[in-house]
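The structure under discussion appears below in the form of structure tokens.
The values are calculated or read from the model by the stated rules, or taken from the named source; none is laboratory data. None of the values given here were measured: they were computed from a predicted structure. As a convention, Cβ positions derive from the backbone with ideal geometry for all residues, glycine included, and neighbour counts pool all protein chains shown. Only protein heavy atoms, including side chains, enter the accessible area calculation; ligands, DNA and RNA are left aside. Shrake-Rupley method; radii C 1.70, N 1.55, O 1.52, S 1.80 Å.
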Amino acid sequence: MTTFDSRFTEADQLYANAIAILHNGDVAKAAGLFSAITVKFPDHGKAWNELGNILFNHLNSPDEAAECFQKAMEADPNLASAYLGYAEVLFIQERYAEANAIVNQAMEVKGVRKDLAWMRSALIMESQSRFDEAIETYKKAILASFSEEDISRCEKGISRCNIKKKYQ
């Protein structure tokens, strides 16, 4: 008889432990465990992705985060969150053309939240003063969303673009 634990690889078990540690608030310990997983199991995309999230969101290391997101996408081309994480890093670095290309790739990944991809695309357009395109893209995000919070965020983006258009 197969036990519950035997259904998962060692990498998956370590990953689950690291996620639990992260959710308990010990970011440094979780980062260490994700890093150890990527050393021992370099093809574990989820570990690369989480390490990228920690480096970007907690440790202000966008260049290192970008490398992790790229490795996550290489290891698991269907890991939708890695594309959006990488696009976020590129956006913050003002590498808009590259960010847009990654968002477009993300839209092709099964399971990616289209509303989040559309929102990222709209922000890229807005940052380039392409306000009419951004407004239309925020509308696409609204139609694809099931989150009241995200819909509200898009409505604020539309409002912001309309205000910016007055001063263009």
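Between helix 131-144 and the chain there is an angle of about 50 degrees, using the helix long axis and the longest principal axis of the Cα atoms.
Relative to the longest principal axis of the Cα atoms of the chain, the long axis of helix 148-166 lies at roughly 40 degrees. Each of LEU33, ALA65, TYR96 was scored by the projection of its Cα onto the charge dipole of the chain, and the greatest displacement toward the positive side belongs to TYR96; charges sit on the C-beta of Lys, Arg, Asp and Glu. Here the chain is assigned +1 on the Cβ of each Lys and Arg and -1 on the Cβ of each Asp and Glu. Its dipole about the Cα centre then comes out at about 560 debye.
Pick out, from VAL109, ALA20, GLY52, the residue whose Cα sits farthest towards the positive end of the charge dipole of the chain, with +1 on the Cβ of Lys and Arg and -1 on the Cβ of Asp and Glu. The Cα lying farthest towards the positive end belongs to VAL109. Rolling a 1.4 Å probe across the protein heavy atoms gives the chain an accessible surface of 58 Å² per residue. The charge dipole of the range 46-129, taken about the Cα centre with unit charges on the Cβ atoms of Lys, Arg (+1) and Asp, Glu (-1), comes to about 280 debye, rounded to the nearest 20. Divide the volume of the convex hull around the Cα atoms of the chain by the residue count and you get 137 Å³ per residue.
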